[in-house]
Every structure is written in C-alpha cells, then in structure tokens.
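J.: Quick one: this structure, given as structure tokens, is what I'll be asking you about.
The values are calculated or read from the model by the stated rules, or taken from the named source; none is laboratory data. Model, not experiment: these values are computed from the prediction. So basically every Cβ, Gly included, is an ideal-geometry build from the backbone, and we count neighbours across all protein chains shown.
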Protein chains: 2
Amino acid sequence: MATIDDVAKAAGVSKGTVSSVFSKKRPISKQVTERVLNVAKDMGYFPNHVARSLAIKKTMIVGLKMPISKSSNLSGFEIQMINGVTKECSQQGYRVLLDTLPEHDDPTQFSMDPVDGVIMLNPRKQDPRIERFKQMGIPLVLVGRPDPEDETVSFVDNDNRQVGFMVGDYLLKQGHSSILFLNSAADMTVAVDRESGLAEAFQAHGALWQQNHVLNYSRKLHKSPVEYGYMAMMEAYKQLKYTAVIADTDRVALGVLRAARELGIEVPADLSVIALSNDATLAQEVTPRLTSVELEVETLGSEAARILLEMMGNPDVVCNRIVEGKLVFRDSCQINSTMNEMGE
Amino acid sequence: MATIDDVAKAAGVSKGTVSSVFSKKRPISKQVTERVLNVAKDMGYFPNHVARSLAIKKTMIVGLKMPISKSSNLSGFEIQMINGVTKECSQQGYRVLLDTLPEHDDPTQFSMDPVDGVIMLNPRKQDPRIERFKQMGIPLVLVGRPDPEDETVSFVDNDNRQVGFMVGDYLLKQGHSSILFLNSAADMTVAVDRESGLAEAFQAHGALWQQNHVLNYSRKLHKSPVEYGYMAMMEAYKQLKYTAVIADTDRVALGVLRAARELGIEVPADLSVIALSNDATLAQEVTPRLTSVELEVETLGSEAARILLEMMGNPDVVCNRIVEGKLVFRDSCQINSTMNEMGE
DNA sequence: AGCAATCATTAAAGCGGTTTAATGATTCGG
DNA sequence: CCGAATCATTAAACCGCTTTAATGATTGCT
C-alpha cells in the first residue's frame, strides 16, 4: 500500500498538502489538488483510516456491546436493537461495531476500543464495565436500567413494571385468575421488573399472587425460545389448567401455541395468549394473530443511538428515555364483556 | 486519558516495558509487571486500540459491507447473514463492523477502513469496490457471485439456478401449470439465476414458460416484503387463478397467505405456496407451516467468515463455496400422487 | 577473579496520518 | 516601489503504541 509520504514525494509536495487535498480542511489550489489526486490514483493510494483516527482521535464508529453465547443466534431483541441503532447511526455517518466478544477477566486485556461511543445491552448488576467506560472517557448509553441506580449514566429502557402491570391488569379484568407467566431469564432486570409489575396488578385487583405461576427461561434447560414456550406450556398445563399465558416474546408464544394445538386447547376460546412482543411482523402473521405488548425495541435502539451521538458532541450530558409498552389487541386473547376490541 | 508514556514515567520504566507488560510479547519480571499494573490501574490506563492497530497493522475487525436504505429495516437475509458472520468471527476473536454507509462517489472519500478483511453483500455488476479492495490489499469475500465472473475473487453463494429449478420441477411434478413467481428485485443476480432455473424446469417438463408469471419486488412499489406478497397476490390472482405461488422469502409468503385468506382461497387445497426461505422459525410456526427451500443463509455467512479468516492468515488464496438449497416439505403445498411426504 | 553468555530493560525509530508555526510567493494600496 | 496583508505550501512535532538494536546487570564457568 502506498502511503501519504509516497504520494507526497511522487507529486512533489509535502505530506501536509496531500493530507489537505484528501481531508479538504484547508484549501489547496486547483492545479495541485488535481496533480495530487492523479498521482494518488496511479499509485493506488487510499488514506489509512486507523492512522487518521489516531491523529484526530475520532473513529466515526459506535460500539454495540452485546454478549452472545457461542452457539446461539441473535435474539429478536438483539436484531431489533441492531436495526434501530444502525439506522440512526448510518444516517449520521457513523458505523456500528458489533462487539460480541465475551469479556475477559484479565485486566491487561481491556483496551480502549476504536469507537467514539458505546451502547451496551443488558448491563449486569454492578456492572464493572460502566465504571471502565467512565474512566476511559467514552460516552456510554445503556439499554436497560443501571442497577444499582446511577444518576450519571444515560440509558434507555422499557417501563417494564408498567408492562407487567398492564398485561396483568388486562387479563384480570378479563376474568382470568390462573395466569401463567413465561418470563425471561431470572437474572435480568427486565424479568424482575415485569414480574413485580404483574404482582402489583394482582394486588390492585385483590387477587392472590402466586409466584409459582412464573417460570423463567434458562439457556441450559431450553434449546430455543420456541422450545421454552412449548416445553413450559406442556409441563405447566399438567399442573394447572391455566386460562391465560403471558409469553416473554413472540417466539415463546409460538411455542405455547404449538403446545396448545397438541393439547387440543383452543386459542383464544380456552386459553388466552399474550406476547411481550419484539417482532411485530411475526405477531401479526401467525394464526391466531398474537395479542401482544408492543415494546418498540427498535425505537429503543434508535433512541439509544440518538442520545449517544448527542453525548459525543456534548460531553457530560446525561439523558434517559423510558419507552412505554402498548397493548395491541389481536386474536389470541378472549375478549370479555367490558373491553372493546380496538384493532391494531 | 493516561497514555503508555504516563504510566511508564510513573512506574519508572520505559514505554517498551509497559507495552510488554500489556501485550505479554516479551517476558517481564514479576516485580516490574506488578508495579506497572498497579500504576496503570491507579491512573486508569487502558491501551489504545487505535494506536495499537496502527503499529501492528491489524485491527481484529472484519467489515461487513451491506448497503441499507435509509428508511427500511434489515431484511431476514441480512439478519441471518449477520448471525452467521458474527458467530464465526467472535469464535475466532474478531469483531464485526457493520458498514451500512452508502458509497460515496467522491474518490477522496474512499479510505482504507479499520478492518483486516471484508465480507461484501450483494455485489453489483462490475462492482468497482472489488477492484478497490484488491488495490488496498484487503482480503475480500463476496456473498453472491461476482458478475462478470472473476477467478481471483472469493465468494459464497446459493446455487440459485438449482433453487429455481428445484421448486419449478417440484411444482410441475405436482401437476401445477399456472405458477406465480414473486421474485426479488430484478437487478439482483439471485433473481436472474432463480428465474432462469425455473424456466429450465419448465423446459425440462415440456411446459410453456411464460415470463409474465414472474413479478419482481421493488422498493418503490412495495412497502415491505409482506406487503409485496399481499399486493402482488391480490393483483395477480385477478388475472389468472394460479394454483401455486413461489414466494421470494418467508415474509413474502406471509403476505400471500393473508391475501389468500381474504380471497377465500384454501392453502394448500386451492393454492400451493412455497417460500424460498431465510427464516426457518417463521416458516415452521405459521399456519399452515410453509413448505420452503431452506437457503441456509446463516451457513453462507459463517462460511464467508471462515474463508475470509483463512485468507487473512494466508493471502492470495481464493476460495468459493456454493450452498445448495434443500426442499423442506411442510403444509403449504398440496401433495399429489407420486411424491411422498418426507417431513422434517 | 575474569570473561562469555544470558537476561531484563531501554532508547529510538517506526506505523500513517494531522496540525501548527514558519516560510515563500503574490497581491495590493499608498 | 516598498511594506503590509493575503495566500498556498512546508517542515516538524505529534497522536499512542510496537519493536529492534543496544545497554547494563546477572549469572555461570574456568
């Protein structure tokens, strides 16, 4: 590869001039510009992004940190997230670095990544990475609330207690009392928040809240979200003839629907199914179409990106955005008495 | 941010020593190591990835070039691709840079990106980028065949003529003659190849091949793949009572199914639907479950990554991999006479 | 003790750009 | 025609790390 020096020499100018020709930061006379460009073309010269980044301390890259287990695929959530983040970033001329590498615990392995800012998915409790990014002076936006609370860190999140409360309230109003909740993995804040919201709904209705009606997804036990929905439903239904089930995602709901089919349970006649959705298309096109809570994960993603880009221009702003879930009535829940169907 | 110099000074050693402590490329005595590490921790020092990359000419990042229209989302294909590429790369310690930025035509804007290799989706005809990567000496793997043919460039692709032929052959054997093909965008090589494969199948069966039974997706006309399937089916069925339709993707097939429902057409009794699938879950969980051609896009992605990583270690190897499509029989095609259901 | 061999550490030269202060060349008004 | 102002260009320092060749400090051997 030809370097800027080679081009400068061949064109009979200094590297500073060549630099200016390419970066356009300083005006260069038409003749010189042309000469340099021609030489560069002939030599097959392209400015080196890394060297440039080092000099200007900017990469025009946003990091998206999401742990990914070796074997399994990106979840619907992650995909929606990538979607939202990428869309916003590319509009502003930024690219996205998918950082799926597992964290090393060797402190010599931490490095200041080639990114101007970071969006971090699923922060863990007391996540040490948060502190590290602060030290590095790299703008950070979390997706999911920081735990413990931290006023100094930006984040976007669903209002997961509201989500839990809303579906609980809705189902209880429909007269359901034995409700199965196929929750996500137990150690996630979303799981905790949604469950507590649901419990609150029971309380508000003066209904008995029983924790054993909540199941948790586990990577070890369940091969895939669909399998989780299927297996959990098959098992749980043996114990108790639930009349409603809340599924953590559309795909979990698909598993439930399959189980229901096999068990000869009519949806929604005998069983109402409601999905905490992250894939609108899927929810809409399944039969029966899934009544669901629209989580707007993509909005979450683009908001995270927007906030991050904002922070990058204007350091030490902190900002967070809570996105409410919206109930979308479709065909997988039985509609009783009081409620009106509201369509999509 | 503290730099390596600061740490060296504070620890009373040279930068070379600090460098070795972090990179572990040269043994450093236990005492010195410890002292340096402590100082580094106190000062909040983290090695700068960009500077490091510049020095060692390696970024441990793989670029994934995929044009993305400003407004629209990642397609199922792209998602599967990201999945496959990411999985393979992260296993080998590489990260993935999503390069969704539209190409500039200003030659001063081309830069040698901070990547060790590139996977490029949907290369266009005579794609000038291919030549550019060669000049830069950056290993490149295409997803989709190069057009015109080029012996010097690695690529992975489905055998799209085979795919077209296979579904055509299958449907014709089932006795269908009026077959609608909802193909992808006309300017893509996949569209061309699949159509020609299909035409070949007609020829092989001595059936009349009519090009007007092929429709093409267009970003301008169709809001989404689902809409494409829906609209195209609604329109086309007015002209002719097709007995089979080949949908470009699962999502297109969903649109077709919806149209069929609205038109009162029974699937598969009155209409066989077959999807050139890129989302196995979706195909399996829809009612009726979609008979489809499994394209194994994810395999394509991880193969592309594998080849690329290989090339990065061992320059000037060229390699390509053609992945055959497999027919997966489910419930959306009517089974006639001769064929046996093979299940999944 | 004396000399070679071994080992940890260092100084300095890259990597390929950007940027600042200085230098020439040109223009311009008086 | 001269000095000031304007403009394009350059030389050199810098960004933060790696690496090579050189330097001391130890060790081993006779």
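J.: Quick one: count up the residues across the range B:23-41 that are closer than 24 Å to A:Glu131 by Cβ and of a type outside the set (S, T, N, Q).
T.: Total meeting the criteria: 7.
J.: For the range B:87-105, enumerate the residues that are facing another protein chain (nearest Cβ under 9 Å) and not in a loop (DSSP other than H, G, I, E, B).
T.: B:Lys87, B:Cys89, B:Ser90, B:Gln91, B:Arg95, B:Val96, B:Leu97, B:Leu98, B:Asp99
J.: Within the range B:34-47, identify whether any single residue is more than 30 Å from B:Glu310 (Cα to Cα), surrounded by fewer than 16 Cβ atoms within 10 Å (Cβ to Cβ), more than 16 Å from DNA strand D (Cβ to nearest atom) and within 35 Å of the chain's Cα centre (by Cα), and answer yes or no.
T.: Within the range B:34-47, not a single residue is more than 30 Å from B:Glu310 (Cα to Cα), surrounded by fewer than 16 Cβ atoms within 10 Å (Cβ to Cβ), more than 16 Å from DNA strand D (Cβ to nearest atom) and within 35 Å of the chain's Cα centre (by Cα).
J.: Given the conditions (1) facing another protein chain (nearest Cβ under 7 Å); (2) part of a helix (DSSP H, G or I); (3) in contact (Cβ under 8 Å) with a residue 24 or more places away in the chain, and given that A:Gly84 satisfies all but one, which numbered condition is not satisfied?
T.: Here A:Gly84 clears every test but (1).
J.: Where residues in the range A:106-119 are more than 7 Å from chain B (Cβ to nearest Cβ) and touching a Phe, Trp or Tyr at 6+ places or on another chain (Cβ under 8 Å), which of them is farthest from B:Gln92 (Cα to Cα)?
T.: So the residue we want is A:Asp116.
J.: Let me ask something additional. Which of the residues that make up the range A:48-73 are surrounded by fewer than 22 Cβ atoms within 10 Å (Cβ to Cβ), more than 9 Å from every other protein chain (Cβ to nearest Cβ) and basic (Lys, Arg)?
T.: A:Lys58
J.: Do we have A:Asn314 as outside the structural domain of A:Phe165 (by TED's automatic domain parsing) and either over 15 Å from A:Leu64 (Cα atoms) or without any contact (Cβ under 8 Å) to a residue 24 or more places away in the chain (or both) here?
T.: Considered against the rule, which asks whether it is outside the structural domain of A:Phe165 (by TED's automatic domain parsing) and either over 15 Å from A:Leu64 (Cα atoms) or without any contact (Cβ under 8 Å) to a residue 24 or more places away in the chain (or both), A:Asn314 comes out as yes.
J.: Among the candidates A:Asn158, A:Asn216, A:Asn212, A:Asn183, single out the residue that is touching a strand residue (DSSP E or B) at 6+ places or on another chain (Cβ under 6 Å) and surrounded by fewer than 20 Cβ atoms within 10 Å (Cβ to Cβ).
T.: Within the list A:Asn158, A:Asn216, A:Asn212, A:Asn183, the selection yields A:Asn216.
J.: Another question, then. Do we find that B:Pro114 is away from DNA strand C (no atom under 16 Å from the Cβ) and either in contact with a strand residue (DSSP E or B) (Cβ under 9 Å, 6 or more places away or on another chain) or in a helix (DSSP H, G or I) (or both) in this structure?
T.: no
J.: Here's something else I'd like to know. Among (1) at the interface with chain B (Cβ under 10 Å from one of its Cβ atoms); (2) touching a Ser or Thr at 6+ places or on another chain (Cβ under 8 Å); (3) more than 30 Å from B:Gly84 (Cα to Cα); (4) surrounded by fewer than 22 Cβ atoms within 10 Å (Cβ to Cβ), which single condition is A:Gly76 missing?
T.: A:Gly76 satisfies every listed condition except (3).
J.: Taking the range A:1-17 as the search range and keeping residues that are loosely packed, with under 14 Cβ neighbours inside 10 Å and of a type outside the set (Ser, Thr, Tyr), which one is farthest from DNA strand D (Cβ to nearest atom)?
T.: Out of the qualifying residues, it is A:Asp5.
J.: Moving on. Tell me which of these B:Glu266 doesn't satisfy, since it passes every other one: (1) within 14 Å of chain A (Cβ to nearest Cβ); (2) touching a helix residue (DSSP H, G or I) at 6+ places or on another chain (Cβ under 7 Å).
T.: (2)
J.: Next question, about the same structure. Determine if the range B:83-91 includes at least one residue that is among the small types (Gly, Ala, Ser), buried (at least 23 other Cβ atoms within 10 Å of the Cβ) and in contact with a helix residue (DSSP H, G or I) (Cβ under 9 Å, 6 or more places away or on another chain).
T.: Yes: one or more hits.
J.: More than 21 Å from the chain's Cα centre (by Cα), touching a residue at least 40 places away in the same chain (Cβ under 8 Å) and farther than 12 Å from B:Leu182 by Cα: is that true of B:Ala269 in this structure?
T.: yes
J.: Can you name the residue in the range A:312-327 that is in a strand (DSSP E or B) and surrounded by 15 or more Cβ atoms within 10 Å (Cβ to Cβ) and, of all such residues, is farthest from the chain's Cα centre (by Cα)?
T.: Kept after step one, since they are in a strand (DSSP E or B), are these residues of the range A:312-327: A:320-323, A:326-327.
Filter once more, keeping what is surrounded by 15 or more Cβ atoms within 10 Å (Cβ to Cβ): A:320-321, A:323, A:327.
On the way: A:Asn320: 15, A:Arg321: 14, A:Val323: 12, A:Leu327: 20 Å.
Among residues in the range A:312-327 that are in a strand (DSSP E or B) and surrounded by 15 or more Cβ atoms within 10 Å (Cβ to Cβ), the one farthest from the chain's Cα centre (by Cα) is A:Leu327.
J.: Which one is farthest from DNA strand C (Cβ to nearest atom) among residues in the range A:65-91 that are under 16 Å from the mean Cα position of the chain (by Cα) and closer than 30 Å to B:Gln135 by Cβ?
T.: A:Thr86
J.: Still on this structure: Against the conditions (1) more than 8 Å from DNA strand D (Cβ to nearest atom); (2) at pLDDT 95 or above, where does A:Met66 fall short? Just the number, please.
T.: It is condition (2) that A:Met66 fails.
J.: Using beta carbons and a limit of 8 Å, which pairs, at least six apart or on different chains, have the first residue in the range B:9-31 and without any contact (Cβ under 8 Å) to a residue 12 or more places away in the chain and under 18 Å from B:Phe46 (Cβ atoms) and the second one within 11 Å of DNA strand D (Cβ to nearest atom) and of a type in the set (Lys, Arg)?
T.: Between residues of the range B:9-31 that are without any contact (Cβ under 8 Å) to a residue 12 or more places away in the chain and under 18 Å from B:Phe46 (Cβ atoms) and residues that are within 11 Å of DNA strand D (Cβ to nearest atom) and of a type in the set (Lys, Arg), the close pairs are B:Ser20/B:Arg26.
J.: So B:Lys30 clears everything in (1) crowded, with 18+ Cβ neighbours inside 10 Å; (2) more than 10 Å from chain A (Cβ to nearest Cβ) except one condition, right? Which one?
T.: With respect to (1) crowded, with 18+ Cβ neighbours inside 10 Å; (2) more than 10 Å from chain A (Cβ to nearest Cβ), B:Lys30 is out only on (1).
J.: Does B:Ser19 count as among the hydroxyl-bearing types (Ser, Thr, Tyr) and farther than 24 Å from A:Lys134 by Cα?
T.: no
J.: With respect to the numbered conditions (1) surrounded by 20 or more Cβ atoms within 10 Å (Cβ to Cβ); (2) polar (S, T, N, Q); (3) within 14 Å of chain A (Cβ to nearest Cβ), which one is the sole condition not fulfilled by B:Ser292?
T.: Among (1) surrounded by 20 or more Cβ atoms within 10 Å (Cβ to Cβ); (2) polar (S, T, N, Q); (3) within 14 Å of chain A (Cβ to nearest Cβ), the lone unmet condition for B:Ser292 is (3).
J.: Taking the options B:Val226, B:Val192, name whichever one is β-branched (Val, Ile, Thr) and in contact with a Ser or Thr (Cβ under 9 Å, 6 or more places away or on another chain).
T.: Numbers: B:Val192 fails: in contact with a Ser or Thr (Cβ under 9 Å, 6 or more places away or on another chain).
Criteria check complete, one pass: B:Val226.
J.: In the range B:271-289, how many are part of a helix (DSSP H, G or I) and facing chain A (nearest Cβ under 10 Å)?
T.: Residues in the range B:271-289 being part of a helix (DSSP H, G or I) and facing chain A (nearest Cβ under 10 Å): 4 in total.
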